[in-house]
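The values are calculated or read from the model by the stated rules, or taken from the named source; none is laboratory data. This one's a predicted model, so the numbers in the text were calculated from it and none came from an experiment. All Cβ positions, glycine included, derive from the backbone under ideal geometry; neighbour counts span all protein chains shown.
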Amino acid sequence: MEQRAAPRTAGAANGRADTAGTAGEAVTHDRNAGDTVRPPDPTDDVRRRIPRTDLLLRDPRLSEAVRRLGAGVVKAAVRQAQEQARRGGVPPERVAQTALALLPGTAGGLRPVLNATGVLLHTNLGRAPLSAAARQAVQEAAGPTDVELDLATGARARRGRSALTALHERVPSAGAVHVVNNGAAALVLAATALAAGREIVVSRGEMVEIGDGFRLPDLLVSTGARLREVGTTNRTTAADYADAIGPDTGFVLKVHPSNFRITGFTRAADVAELAGLGVPVVADIGSGLLAPHPGLPEEPDADTQLRAGATLVTASGDKLLGGPQCGLLLGDADLVRTLTRHPLARALRVDKLTLAALEATLTGPPTPTALALTADPARLAARADRLAETLAADGIDVLAVGSHATVGGGGAPGVTLPSAALSLPEPYAEALRTARVPVVGRLETGRCLLDLRAVPEEDDERLAEAVRSAAPGHGGPSAPAGAEGR
Ligand SMILES: *Cc1c(COP(=O)(O)O)cnc(C)c1O
């Protein structure tokens with residue numbers, strides 16, 4: 001590890017000095033002039049032979065990359081390669097090739113990673129990975145599309161109607177459906193339209209923090225609604241709600257505790273008990289399951305909640321549904337129409353890419369999330385054995401071990417899924433995270449575990465390749481241009 005870390009630190013320091021001395025991008029032409037005033041140095045000869053940026057950019061491979069990725073991205077890679085040559089790490093005649101190798105796959109700063117954490121829906125890794133069908137749909141929708149146009153008549157049409165129809169067809173018990181930016185937006189829209197200046201009745205056991213310091217009670221209050229808290233942390237009855245309901249009540253809110261569990265001496269009123277209280281019942285189910293999942297019996301789903309009498313169900317699209325980030329609203333037709341016509345709806349509306357991904361998620365083959373949830377533990381173990389065997393043959397200190405995966409903050413708290421993992425020495429964790437194809441594992445009892453449940457089987461070879469590249473003596477992690485600052 002030290003061997004890997006040391007040159008990187010040095011590189012960063014040199015990079016700063018270089019930038020200061022040459023004042024950024026426009027200066028590449030001054031470089032040789034600058035070099036000549038330095039005192040003679042044995043490395044000067046090598047330095048003089050490092051090709052200048054303008055020459056390098058005339059290399060057909062690099063000029064093609066400029067057309068594909070933009071000049072800024074390519075120049076950053078070129079500068080990094082020149083810097084490596086100045087430090088003696090790369091011979092001057094290999095600078096162009098090194099710059100090419102340092103180029104990122106796309107001009108975007110987000111880098112694809114392999115999720116080997118064993119957490120199926122990892123918020124820091126963008127929650128649900130999209131299916132191939134959804135990725136394809138996003139690609140198709142990226143240009144001009146008929147998102148709001150009826151091509152048959154030439155008239156304006158309801159935005160995203162085919163995605164909305166697909167959602168409605170999956171949950172026929174809903175009177176109508178709508179889609180907004182995320183689960184929080186769905187709640188904000190409901191609270192603003194139904195309860196601004198009025199009260200939302202909610203159990204003290206359901207005052208949830210969803211992550212990164214964001215708390216649902218704060219979100220609801222920000223709409224101008226007041227919270228009427230009922231019951232206690234561990235026990236709330238239907239009578240508690242009934243006592244609190246009055247002329248000021250906008251709705252009763254049921255929130256699914258999707259990232260924690262209260263166990264022991266507990267009681268909660270369910271939607272069926274609250275449906276008869278004469279006020280709308282909004283059920284925030286969080287996870288986005290549209291129908292019951294046999295493997296997750298405790299996880300609420302939209303259809304069951306609507307049949308039990310919920311007026312409106314809100315959920316996220318990028319949790320157990322396995323789709324893009326979005327917020328689903330399903331329920332009473334008049335109420336949904338009110339929400340879609342509220343001025344705030346325009347501020348929360350979804351992009352065409354989201355609509356495309358959502359529709360393909362709903363109509364396409366099983367999502368990666370669904371496949372990961374139902375993966376056969378024996379199959380996972382066989383994959384781990386095979387990977388460990390080939391990596392051990394390459395001299396890597398690796399073992400196949402049993403493991404436990406979880407669903408993550410996206411749902412099913414307390415559920416563990418039997419899994420299988422590669423166990424590597426702890427220093428691999430950092431080397432893999434910063435590898436060319438970053439792999440994010442987890443640390444457990446002093447070992448770096450790469451859990452296979454959230455890794456699609458077709459990525460096994462990429463995973464093996466990443467482990468080989470992170471092995472001591474393989475030159476260590478090589479980050480693409482600019483990755484350190486991202
Ligand atoms: C995740 C979650 C939210 C927030 O949804 P986002 O899509 O992250 O905005 C709200 N409520 C519950 C119960 C959740 O699980």
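Odds and ends about this structure:
- All positions within segment 170-194 that are small (G, A, S), within 9 Å of the ligand (Cβ to nearest atom) and farther than 12 Å from V350 by Cβ: G183, A184
- Condition met for R47 (modelled with pLDDT of 60 or more, more than 26 Å from A470 (Cβ to Cβ) and more than 36 Å from the chain's Cα centre (by Cα)): yes
- Qualifying residue in segment 441-455 (condition: hydroxyl-bearing (S, T, Y), outside the structural domain of G183 (by TED's automatic domain parsing) and without any contact (Cβ under 8 Å) to a residue 60 or more places away in the chain): yes
- Candidate set from segment 408-430 (those that are under 21 Å from the mean Cα position of the chain (by Cα), at pLDDT 95 or above and not in a strand (DSSP E or B)); member that is surrounded by the fewest Cβ atoms within 10 Å (Cβ to Cβ): E430
- Residues that are over 10 Å from E206 (Cβ atoms) and surrounded by fewer than 18 Cβ atoms within 10 Å (Cβ to Cβ), drawn from segment 246-272: G246, P247, D248, F260, R261, T263, G264, F265, T266, R267, D270, A272
- Of the criteria (1) at pLDDT 95 or above; (2) within 12 Å of the ligand (Cβ to nearest atom); (3) of a type in the set (V, I, T), which one I210 fails: (1)
- Among the residues of segment 126-151, the ones that are surrounded by 16 or more Cβ atoms within 10 Å (Cβ to Cβ) and not small (G, A, S) come to 5 in all.
- Flag for V415 being touching a strand residue (DSSP E or B) at 6+ places or on another chain (Cβ under 8 Å) and farther than 15 Å from V119 by Cα: no
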